Amino acid sequence: MSLATSVIEVSEWLAQHPDWQGAAFRHDGYYAVNFSGSESGEYLGRARVVIADDTVNDYFVTRDLKPDEFAAGSSLNDRNVIREAIIAARLCDLAAWETETTYRRMEGIWEIRFRQGDETLVVPVDSWEERYFIDDIYDVVTPETADSEQLAAITLARTANGVEEGLASWDDWQIYVAQQEGNVYAVSFVVPERELFYARVNIDSGDILDIVPGFR
């Protein structure tokens, strides 16, 4: 625990939450340390401590980015991410789309949002030390605007254990849908600061392949 809190960014963030508490879980070769508010229960961050050499090789806190940090992250996305072949192939003419970059602070995930007319696409981007990782390109839909296959995927995802109950606590969530391979779809239920549920479903077989609370 002391190693995790010795990271300056972690210690400064926890100092703003004097009621914080930590929990450490041992895995094969490392400890996973989670921080939360003891009274509020709010998730504050995490760290990964390597047992062999007593080092922290990964950490994250849920603070808002400073203006210079946001500018640097946005610049990385503008320089590299939106020029990825998978995005260029989907958008065709990048200049025809309006773009907006936001940051989901509860997960440390960037979102690049593309808008053209009534169509909105979202690309979640995970980053670490100047490296970035792109998952799927999602269509932002509603039950009214989704096509028949997207609607089937959404309906199936909402039958997964805990999803409907979890969504009931929120009134501003959106639905992201991405076709992966064949009849397999990824469905994500998201609020501005974090992902609530992620599911992979097969609309042909009716199987829920994966369901994860929060970002996978």
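Read-outs throughout are calculated quantities, based only on the coordinates presented, and are distinct from any laboratory measurement. In this text, all values refer to a predicted model and were calculated from it rather than measured experimentally. Here the Cβ positions follow ideal geometry from the backbone for every residue, glycine too, while neighbour counts run over all protein chains shown.
The figures follow:
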read-out	value
Region 155-202: C-alpha gyration tensor shape, a/c 1.5 cut-off, then a/b vs b/c	oblate
Within-11-Å neighbourhood charge of residue 70 [Cβ basis; K, R +1; D, E -1]	-1
Over region 67-135, relative contact order from alpha-carbon pairs under 8 Å, at least 6 apart, %	20 percent
Per-pair calculated FRET efficiency, R0 = 35 Å: residue 167 and residue 71 via Cβ, rounded to 0.05	0.55
Ascending count of other beta-carbon atoms within 10 Å, so fewest first, for 49, 190	49, 190
Relative contact order [Cα under 8 Å, 6+ residues apart], the chain, whole percent	10 percent
Helix-only mean residue ellipticity at 222 nm for the chain, each DSSP H run of n ≥ 4 adding -39500 (n - 2.57), per residue, nearest 500	-6000 deg cm²/dmol
The chain - convex hull of alpha carbons, volume per residue in Å³	156 Å³
On Cα atoms only, tilt of 67-79 relative to the major axis of the chain in degrees	40 degrees
With Cα atoms, 0 to 90° folded angle of helix 148-157 axis to the chain main axis	30 degrees
Rg [Å, one decimal], Dmax [Å, integer] - region 62-187, C-alpha atoms	15.7, 43
Sites excluded, GluC sites (Glu not before Pro) in DSSP loops with at most 11 other C-beta within 10 Å, longest stretch of the chain	40-128
Contact order relative to length of region 139-213, as percent, for alpha carbon pairs under 8 angstrom and 6 or more apart	27 percent
Global geometry of region 1-75, whether rounded, prolate or oblate, following the gyration tensor of its Cα atoms and the 1.5 cut on a/c	oblate
